[in-house]
Structures are given as C-alpha cells and as structure tokens.
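Below is a structure I'd like to ask you about.
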Amino acid sequence: GIDTGKFAAAAMGRAGRPIPTIGTVAVLREEKRLDLLLDAFATLRAAMPARLIIAGDGVERGRLEAHAGQLGLGGDVEFTGMVQDVENVYPRLDVFALSSSTEQIPNAVLEAMAAGLPVAATAVGDVPVLVAAENAPFIVPPGDGTALAGALDKLARDAALRARSGLANQRRALEVYDVAAMVAAYKALVDG
C-alpha cells in the first residue's frame, strides 16, 4: 500500500494544459525498457506536440539521453535525475507511462493512480489488475512499442478520456491500495 493522500493532491490543477505531458518515475535500469518508451513517444511526437518527463536516475541514463537525441526529441524530453519527493512529479503529468519488461506491483503505478492519472503501460506483473477497468484498454503487451504509442496517442488526444480514466484510477487507489486499508486487511487475516 501507499500513502494515497500524499499523491491525491497532485490531481488538482491539471486541466487546461495546451500540450500533454507524458511521464514516468523509475530507476533507469535496462528492465524498465525506457528505450521503448522513448520510441513510442517519438511516434506520438511526430503526430502531435507533446512532452516527456523521465524522473529518476540510474546506469542507463547516458544511453537513454543519447537515444532521445538520435530520435530528434531534443527539448521535448526532460531527464530530471534523482527525485527525492516523487509526489511533486505527478502534478506535471497528464499521462503516466510504464514500459517495463518485468515488474511485480510497481509503486509508481499506484502513485500515479492515486494522483488521478491515466496509465499507459505494459502488461507486466500485476499492472493489468492494479488499474481501474476504465484504464484497461491502455495496458499493452510487453515489448510492443506500436501498441504503447497507440495507447499514448489515444490518451494524449482526449482530455475527457484522461480525466475519466484518471478519476477511476484514483478511486481504485484510494479504496484498494491505501496503506491504512492494506494494514487493516492484513490485520484481519492475521487476527482472523
């Protein structure tokens, strides 16, 4: 579970941005497949104005920055480096993206959901069952950059769809993944 209240405030003030911002929060390691996210973003960026924020640091950063340069993404991609207070990243985003080749229960997805964001992600680990039903169409096969680009495109183009999916995700995070609810559920199991 996560402290959903810490992230819920991020849902405020997102409406009305003229250029959609896609983003992720991750340790920059090979299994996060951020090269796939950059490729998918390049496809989206060729079709419409958009921005990408990659929050985090790690051994893959240099390679990923070079890949972004090779794709000609220039100023449309921001690598933030290490972020101490990740709750401050989510208010800058319109869509959360996860491109990993492997996960279990990614905290970043739960945080994005609590922040009221729609999630475009690969169907790894528990991601398909974490998100709200309204968000399910944006969960794509692992390694499928074309499908990820399609999910990003649909969400980037439709603010109302983003809002509906994000609100459904936020409701689900508050009801199911709040740390207090999870502690109570575990306590009931142990005491049961």
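The values are calculated or read from the model by the stated rules, or taken from the named source; none is laboratory data. Quantities reported herein were computed from a predicted structural model and do not represent experimental measurements. No Cβ is skipped: glycine too gets one built from the backbone with ideal geometry, and neighbour counts run over all protein chains shown. Heads up: the accessible areas ignore ligands, DNA and RNA and are worked out on the full protein's heavy atoms, side chains in. Shrake-Rupley method; radii C 1.70, N 1.55, O 1.52, S 1.80 Å.
Given (1) among the small types (Gly, Ala, Ser); (2) surrounded by 21 or more Cβ atoms within 10 Å (Cβ to Cβ); (3) farther than 22 Å from residue 142 by Cβ, where does residue 72 come up short, assuming only one miss?
Condition not satisfied by residue 72: (2).
Can you say whether residue 173 is in contact with a strand residue (DSSP E or B) (Cβ under 9 Å, 6 or more places away or on another chain) and touching a residue at least 40 places away in the same chain (Cβ under 8 Å), as far as the supplied structure shows? Can you show your working first?
Details: in contact with a strand residue (DSSP E or B) (Cβ under 9 Å, 6 or more places away or on another chain): yes; touching a residue at least 40 places away in the same chain (Cβ under 8 Å): yes.
Answer is yes for this residue.
Turning to a different aspect of this structure: When you go through 133, 160, 147, 120 one by one, which is the residue that is without any contact (Cβ under 8 Å) to a residue 40 or more places away in the chain and within 20 Å of residue 31 (Cα to Cα)?
One residue alone meets the criteria, 147.
Here's another thing I want to ask about it. If you scan the stretch 151-160, which residues turn out to be closer than 19 Å to residue 127 by Cβ and open to solvent by 30 Å² or more (accessible area, probe 1.4 Å)?
Correct list: 154 only.
Which residues, counting only those in the stretch 91-106, are at pLDDT 95 or above and not in a loop (DSSP other than H, G, I, E, B)?
Of everything in the stretch 91-106, those that are at pLDDT 95 or above and not in a loop (DSSP other than H, G, I, E, B) turn out to be 95, 96, 97, 98.
Only one of (1) open to solvent by 30 Å² or more (accessible area, probe 1.4 Å); (2) closer than 19 Å to residue 34 by Cα; (3) more than 14 Å from the chain's Cα centre (by Cα) is not met by residue 145, so which one is it?
For residue 145, the failing item is (1).
Quick check: is even one residue across the stretch 90-110 farther than 28 Å from residue 35 by Cβ and of a type in the set (Lys, Arg)?
Looking for residues that are farther than 28 Å from residue 35 by Cβ and of a type in the set (Lys, Arg), one finds none in the stretch 90-110, hence no.
Okay, next question. Taking only the stretch 103-117 into account, find how many residues are surrounded by fewer than 21 Cβ atoms within 10 Å (Cβ to Cβ) and under 10 Å from residue 4 (Cα atoms).
Result for the stretch 103-117: 0.
Sort out which residues of the stretch 79-90 are within 23 Å of residue 166 (Cα to Cα) and buried (at least 16 other Cβ atoms within 10 Å of the Cβ), and write them in order of number.
86, 87, 89, 90
Find the residue count for the stretch 120-142, including only residues that are small (Gly, Ala, Ser), within 18 Å of residue 104 (Cβ to Cβ) and in contact with a helix residue (DSSP H, G or I) (Cβ under 7 Å, 6 or more places away or on another chain). Spell out how you get there, then give the answer.
Pass one, the stretch 120-142, residues small (Gly, Ala, Ser): 120-121, 123, 125, 132-133, 136.
Narrowing the set further to residues that are within 18 Å of residue 104 (Cβ to Cβ) leaves 121, 123, 125.
Subset that is in contact with a helix residue (DSSP H, G or I) (Cβ under 7 Å, 6 or more places away or on another chain): 121.
Qualifying residue count, the stretch 120-142: 1.
Within the group 28, 44, which residue is closer than 22 Å to residue 123 by Cα, open to solvent by less than 30 Å² (accessible area, probe 1.4 Å) and either of a type in the set (Gly, Ala, Ser) or touching a strand residue (DSSP E or B) at 6+ places or on another chain (Cβ under 6 Å) (or both)?
Every option except 28 fails the conditions.
For the stretch 122-142, how many residues are aliphatic (A, V, I, L, M), closer than 23 Å to residue 5 by Cα and surrounded by 19 or more Cβ atoms within 10 Å (Cβ to Cβ)?
Summing the residues that are aliphatic (A, V, I, L, M), closer than 23 Å to residue 5 by Cα and surrounded by 19 or more Cβ atoms within 10 Å (Cβ to Cβ) in the stretch 122-142 gives 4.
In this structure, does residue 167 turn out to be open to solvent by 50 Å² or more (accessible area, probe 1.4 Å) and in contact (Cβ under 8 Å) with a residue 12 or more places away in the chain?
Here the answer is yes, as residue 167 does meet what is asked.
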